[in-house]
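Below is one structure; the comments refer to it alone.
Where a number appears in this text, it was derived from the coordinates with a stated rule and is not lab data. Since the model is a prediction, treat every value here as computed from it, not as a measurement. We place every Cβ from the backbone using ideal geometry, glycine too, and count neighbours over all the protein chains shown.
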Amino acid sequence: MRLMVTGGAGFIGSNFIKYILREHPDYSILNFDKLTYAGNLDNLSDIEDNPNYEFIQGDIADLKGVKEAVGSGVDAIVNFAAESHVDRSLDNPSVFIITNVLGTQVLLDAASEFNVQRFVQVSTDEVYGSLGSEGFFRETTPLDPNSPYSASKASADLLAISYYRSFKMPVVITRCSNNYGPYQFPEKLIPLFITNAMDDKPLPVYGDGKYIRDWIHVEDHCRAVDLVMHKGQPGEVYNVGGESERENLWITDFILDYFEKPQSLITHVKDRPGHDRRYAIDCSKIKNDLGYELKIDLETGLKETIDWYKNNRQWWEKIRSGEYLKYYEKHYLQREKI
Ligand code: NAD
Ligand code: DAU
C-alpha cells in the first residue's frame, strides 16, 4: 500500500507517519507538505532515510503539483494538511480558506481523477461548535462552527461528503478532540505552557480558564485514523475523543505542579473572541463499529509529554528563535492582562 500523507511535517502528521512505518512496515509513504511555519522536517529526522519514506514539498491548493504527486500512484490519501491554529484564523482567515477548503477540494479532485481507493479527511470536533455544561458531540450533531478555522474545516467536511455522494469517492472523515504529545508546535496550550513554565515565563490563561477540552494523546488519534482508513465505511464520519475532559486551569496546575513552579506564573489575559466553552466527544460509534480502544490515560500521557519537552529543548528552542517569535510578541507580550 502506498499512502500519500499531506501535512506530514506537522504535529499529528509526523506522528502518524512514524506510527504507520512502525505498524505497517510493508507500506510506503509519500509525505506531501508545504512546510509552512508549522511544518518541520526535524520532526521526521529519525525516519528520513527509511526506504519506504519519501518527501515532496508541495501545496495542496496547487492542482498541478497535487496531480503530479497523486498521479505517481497512491492507494490512499490521508489529509492532515491544514492551517490549524484558531488564534491565527482570527488574524488572517484567508489562508485558512485557501488551504483548508480549496486545498481539500483540489485533493479530492485529484483523488477522483486517479481513482484513489481511500480518502481520509482528518477533521476536528470544533466543527460542532460549543457545548454547555451537559451533553456530547455525536456524529449527528449539526455543524455549528464559531471560528474561521472551524468554519473552514466544516466546509472541507461538507465537500468531502459531497464527493462521496456525487462521485462515489470512498471518503471517510474523522473528527477528533484536542491532541497533545511530542512535536506539537509551541503555540498550542500544552506545549506553550510546558515550555513557558520551564523558563519561568508567564502562562497566559485566556479569560477565566474554565474552558473545557477533551484531551487525547496523539498516538491514540493516529491509531484511530489508521483504523478508520482500513475499516471505516465510505461516506461515514467517526468521532474520536480522549474521554478526558478538563478545564484549562486543571492542565495549567498539572504543569506547574510537575515543575514545582508557583501559581504566580498564571496570568489571566484577554479572552479569545468567540471562544468555545466546552468540547466533549461521544466516540461510541468508532468503538462499537470498528473496535477502537483508547490506550493512554491523560495523566500518564501528560507526564510523558512534559518529559519529552524537557529532554528535547533543542527542538523547541530552534522553533522559538524563528518566525514564531514575532507571533508570540504580538499575541502575548502586547495582549491585555485582566
Ligand atoms: P499542524 O499545524 O501542526 O501541521 C499542519 C501541517 O500542514 C504542517 O506541516 C504544514 O506545513 C502543513 N500545511 C499547511 N498548509 C499546507 C498546504 N497548503 N499544503 C500542504 N501542507 C500544508 O497541525 P496538526 O495539529 O498536526 O493538525 C493536523 C490536522 O489534524 C489538521 O487538519 C487539523 O485540523 C486536524 N486536527 C488537529 C487536532 C489538534 O488537536 N491538533 C485535533 C483534531 C484535528
Ligand atoms: O478540538 C480540536 C482542536 O484543538 C483542533 O482542531 C485545533 O487544530 C487545535 O489547535 C485545538 O484547538 P484549541 O483552540 O482547542 O487549542 P489551543 O491549544 O489553541 O487552546 C486550548 C484551550 O486553551 C482553549 O480553550 C484556549 C486556551 N488557551 C490557549 C492558548 C494557546 C489559553 O488559555 N491560553 C493560550 O495561550
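Counting only DSSP beta bridges with both residues in the chain, the antiparallel share comes to about 10 percent. Here GLU329 and GLU23 are evaluated by their C-beta separation; at R0 = 41 Å the FRET efficiency comes out at 0.50. Karplus-derived 3J(HN,Hα) values for segment 130-146, using 6.51 cos²θ - 1.76 cosθ + 1.60 with θ = phi - 60°, are 10, 9, x, 6, 10, x, 9, 7, 10, 4, 8, 4, x, 6, 8, x, 10 Hz; glycine and proline are entered as x. Placing a label point 7 Å from the Cα of LYS287 along the Cα-to-Cβ line, the residues of segment 215-232 whose backbone N sits under 20 Å from it are 215-229, 231-232.
The H on the amide N of ASN179, modeled in the peptide plane, is under 5 Å from the matching H of ILE216, each at least 5 residues off or on a different chain.
For the pair segment 169-248 / segment 76-118, the C-alpha centres are spaced 19 Å from each other. Listed by chain and number, the lysines placed with their C-alpha closer than 24 angstrom to that of LYS67 are LYS34, LYS153, LYS168; residues fewer than eight positions away on the same chain are left out. Summarising the amide proton neighbourhood of TYR206: residues at separation of 5 or more, or on other chains, whose placed amide H is nearer than 5 Å comprise VAL269.
Bridgeable lysines around LYS210 (alpha carbons under 20 Å apart, same-chain partners fewer than 8 residues away excluded): LYS188, LYS270, LYS337. Over the chain, the pair-distance histogram of Cα-Cα distances with 20 Å bins from zero comes to 32, 61, 8 percent, rounded to whole numbers. Of the DSSP H helices in the chain, those that are both long (alpha-carbon extent of 20 Å or more along the helix axis) and hydrophobic (Kyte-Doolittle mean at least -1.0) are 148-167.
Just the number, please: percent antiparallel of the DSSP beta bridges in segment 196-317, rounded to the nearest 5. Here the share of antiparallel DSSP bridges comes out near 40 percent.
Label sites at ASP257 and LEU90, each approximated as a point 7 angstrom past Cα along Cα to Cβ, lie 2.9 nm apart. Taking all Cα-Cα distances within segment 156-267, those exceeding 15 Å account for 70%.
Hey, for a label at GLN233 modelled as a point 7 Å past Cα toward Cβ, could you say which residues of segment 103-144 have their backbone N under 15 Å away? Residues 139-140 qualify, since their backbone N sits under 15 Å from the label point. Under the simplified labelling scheme, the ASP42-LYS337 pair shows an inter-label distance of 3.0 nm, with each label point 7 Å from Cα along Cα→Cβ. Once both labels are positioned 7 Å from their Cα atoms along Cα-to-Cβ, the gap between LYS168 and TRP250 label points is 4.7 nm.
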